[in-house]
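Below is one structure, written out as structure tokens; the observations come after it.
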Amino acid sequence: MQGKRNFRYLLFCFCFFFQRALAQGDFTGVISQQFNQYSQQAFTEKIYLHTDRNFYLSGEIIWFKTYITDAVKHHLSNLSKIAYTELIDKNNNVLLQAKTGITEGTGNGSFYLPANIPSGNYKIRCYTNWMKNFDPAFFFESTVTIVNTASSAMLPVIDTIPFYDITFFPEGGNLVQETENNIGFTITDKNGAGLNKCTGIVTDGNDSIVLFSPQHAGIGTFLFTPLKGHSYVAHIIDTLGKEIARKAIPPAAEGLALRLTKTSSGQIAIAVKCMPGDPENGKALYLFAHTRGVIKSVQKALMRSGVAQFIVDESQLNDGITHFTIFNNERRPVCERLYFKRPAQKLNIGLSLDAKQYSARRKAALTIISADADNKSVPANMSLSVYRADDLQKEKTTDIYSYLWLNADLTGNIENPLYYFNNINDVTTRQLDNLMLTHGWRRFKWDNIQQNKKPLFEFLPEFEGQIITGKIIDSATKRPFRDAIVFGSVPGLYTQFYASQSDKNGNIQFYTKNVVGPGELVLQAQETDKHFYNIEVNTPFSGKFTTNTLADLNISPGLKSALETSSINAQLQRKYAADMLRKYNLPDIDTSTFYGKPDERYMLDDYTRFTTMEEVLREYIPGVIVSRANRKFKLAAFDIQNKRLFKDSPLLLLDGVPVQDADRIMSYDPLKVRKIEVVTRRYYYGPLVLDGIVNFITYKGNLEEFEMDPRSVIVDFDGIQLQREFYMPAYDTEEQRKSRLADFRNLLYWNPDVTTNKNGETQLQFYTSDMKGKYIGVIEGITTDGKAGRNTFSFEVTQ
């Protein structure tokens, strides 16, 4: 018997270790499976914001269009229905916030810049609730300049003391001693801008070892073989021969050095080297390559004579950034490298203006044609801005195309991304590869993947509307309430009522839908006990920020006159067109209640009006039975069709707010109520089991003169931002052109919803103002299958 047990034990051990050895031997298959499983659970989005301009005066409006795509194929995403946009100063103070409604991957909004906003450069950033699960470096972020000419401190004092920083990036991530290393570097000023006009010298004590210089945006590379036991310092020399910065190069160590090159036959060669005598020599290495979460190549190679070679055909890779990772024989990631393959597909936008020059107050007609790279017509969703190109407006350095392919997959600052796409040649391709060498891209950790850890997401995607989160706490003990039923309501002309049951930590969630504009959120717990409680509501906006710095505002004194002229014109425009600038488009939303069609609906103006609610219910509402017990009213729903009277009270709502004491609703003035809707059947809603619903809806939708439960928590709440209507006067007739009303618009046109038909065509028109000068039109957009593009046009306006 004992022998059989020993045999079974030995058989079990053999099977266990055989399977483990087999898994290790097939590491390429194991890591591929683990990676795919992780990627399927970690869907990611990209978001881009097209602003009408990048320079503004206080009191003006920032207009923006939001595009949301999936992170892999750049198809317009239908996952998130709300985007969060913020205006942030250099100290990460949030000045303005907006929630933008998203339909089929796009939406639009605006920021009105207050009159007292300080002058400076600001970040405008955008993200979804789902994106808050990841590093804020992957939020959209760009810079806008705002000047307040009315402020006594119109322009901030500029710090003129120069400061430069050098950062080194050994290719693959390791600086290996006794081995030739390819070193990437960046030389930047205090604002993160690259320094190009300088020279670098690497010294070993007093001896110069290597000379280097940046190629573009302060970025470059040099070859360097550090010796064991030596220390090195890099010195940066300006064009006058003055040392402006120095920095010690991190000490070299043992490890693996990586070198990526592209062959003339279109193959990518990756060589991994180790120093003589390294224990990795003679062992297996593994190459894992993926493009935005899609596996493209997994290979195994032996380290022979200190070198392991991998070859990947570029045709195997998807467009954009591919991530190469080297694993050692112990299956640990030891080297990383990014590679960029130029995209083959792009949205080409053709623009044809009916003239190159216009006089003031004239109509301009624009024809737009959208096509793919093969010149095949495709429908596209675009946004268009036409503005005056004065000396204050800076040329934009990024667009939707460069952002989706470059910025959205890299962390940190990228100086002028458009440069790499507007000038395609061998030089810019090499400079783009230098950019890959000096930036990192990782939305995950390999430890989580290899340990099969399921991604944990704190924030859910908002499929229909904002998810309001909060916590209910016992006011006496300060401890969370567990399993409490909490009601959330947004009073209005249509019913917005939600319910949630708190978890063990007191957390609650309301899955809202179509909550639009500013209002109030009324919160209260179900009266199952008499405890006093407090309900806190979490902000939906992210509290995490990037480390990207904002450059100091630096406006030439020669632009003072232009600023004053623009300021006067802007003030006059606001004075003459103030009412037109405050118009909003009513949203096209579903206003049906959560219970759908009621069993009974009574428009009280169709009946003789009574002065007490008891009379109204007894005389007109057969689906509600009114009774009294112990001097208190009791209401019950009566299912007429099934002749069933419910024992428990129905849910009573007034403008969407629960009224948990029937006496309160019975004492309310019925002359303020426009209609009553009744659900006479049992209804299940979230954690609630309701024995009927009686919904009282007033004329104004604001609980007029109703005394709220003192334990209710009422907070200001902003729903989806109302879409401001862009003001543009029409000059179709001579009478309109002769109007004495001044027109000082410098933004002639903003349209966030430019769409071409199935033939890739559309036409639109706009009108010039009284301001002469050069004007620029910028159009950006994307197709549903991820082809993005941009184009511009210009014209003159004369008197």
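Close Cβ contacts (under 7 Å, 6 or more residues apart or on different chains) running from residues in the range 705-732 that are within 16 Å of Asp661 (Cα to Cα) to residues that are assigned to a loop (DSSP other than H, G, I, E, B) and of a type in the set (Phe, Trp, Tyr) comprise Phe706/Tyr668; Arg711/Phe532.
For the range 360-378, the tally of residues that are small (Gly, Ala, Ser), surrounded by fewer than 18 Cβ atoms within 10 Å (Cβ to Cβ) and more than 13 Å from Thr768 (Cβ to Cβ) stands at 2. Scanning the range 750-758 finds no residues that are in a strand (DSSP E or B), among the β-branched types (Val, Ile, Thr) and either under 25 Å from Ser649 (Cα atoms) or touching a His at 6+ places or on another chain (Cβ under 6 Å) (or both). Give the residue, chosen from Asp391, Asp374, that is of a type in the set (Asp, Glu) and either closer than 28 Å to Leu563 by Cβ or within 25 Å of the chain's Cα centre (by Cα) (or both). Going through Asp391, Asp374 in turn, just one is of a type in the set (Asp, Glu) and either closer than 28 Å to Leu563 by Cβ or within 25 Å of the chain's Cα centre (by Cα) (or both): Asp391.
Taken over the range 524-567, the residue count meeting the criterion of being in a loop (DSSP other than H, G, I, E, B), open to solvent by less than 50 Å² (accessible area, probe 1.4 Å) and touching a Phe, Trp or Tyr at 6+ places or on another chain (Cβ under 8 Å) is 5.
Close Cβ contacts (under 6 Å, 6 or more residues apart or on different chains) running from residues in the range 247-259 that are in contact (Cβ under 8 Å) with a residue 40 or more places away in the chain to residues that are open to solvent by 50 Å² or more (accessible area, probe 1.4 Å) and not aliphatic (A, V, I, L, M) comprise Ala257/Lys273.
Only a single criterion out of (1) over 27 Å from Gly789 (Cα atoms); (2) modelled with pLDDT under 90; (3) open to solvent by 30 Å² or more (accessible area, probe 1.4 Å) is not satisfied by Arg442, namely (1). Within the range 445-487, restricting attention to residues that are assigned to a strand (DSSP E or B) and either over 16 Å from Gln501 (Cβ atoms) or charged (D, E, K, R) (or both), the residue that is least open to solvent (accessible area, probe 1.4 Å) is Asp474. Checked against (1) open to solvent by 50 Å² or more (accessible area, probe 1.4 Å); (2) in contact with a helix residue (DSSP H, G or I) (Cβ under 9 Å, 6 or more places away or on another chain); (3) at pLDDT below 95; (4) under 21 Å from Ala788 (Cβ atoms), Gln345 passes all but a single condition, namely (2).
What are the pairs with Cβ atoms under 8 angstrom where one residue, in the range 423-436, is under 19 Å from Thr263 (Cβ atoms) and the other, located anywhere, is part of a helix (DSSP H, G or I) and at pLDDT 95 or above? Sequence gap at least six, or different chains. What qualifies is Leu432/Tyr420.
Pairing residues of the range 496-521 that are at positive phi and open to solvent by less than 30 Å² (accessible area, probe 1.4 Å) with residues that are of a type in the set (D, E, K, R) and in a strand (DSSP E or B), at Cβ distances under 8 Å and at least 6 apart in sequence or on separate chains, gives Gly506/Lys471; Gly517/Asp718.
Among the residues of the range 759-799, the ones that are open to solvent by less than 40 Å² (accessible area, probe 1.4 Å) and in a strand (DSSP E or B) come to 17 in all.
The values are calculated or read from the model by the stated rules, or taken from the named source; none is laboratory data. Because the structure is a prediction, the values reported are computed rather than measured. When we count neighbours, we look across all protein chains shown, and the Cβ atoms used for this are built from the backbone with ideal geometry, even at glycine. To get the accessible areas, we keep the full protein, side chains included, count just its heavy atoms, and leave off ligands, DNA and RNA. Shrake-Rupley method; radii C 1.70, N 1.55, O 1.52, S 1.80 Å.
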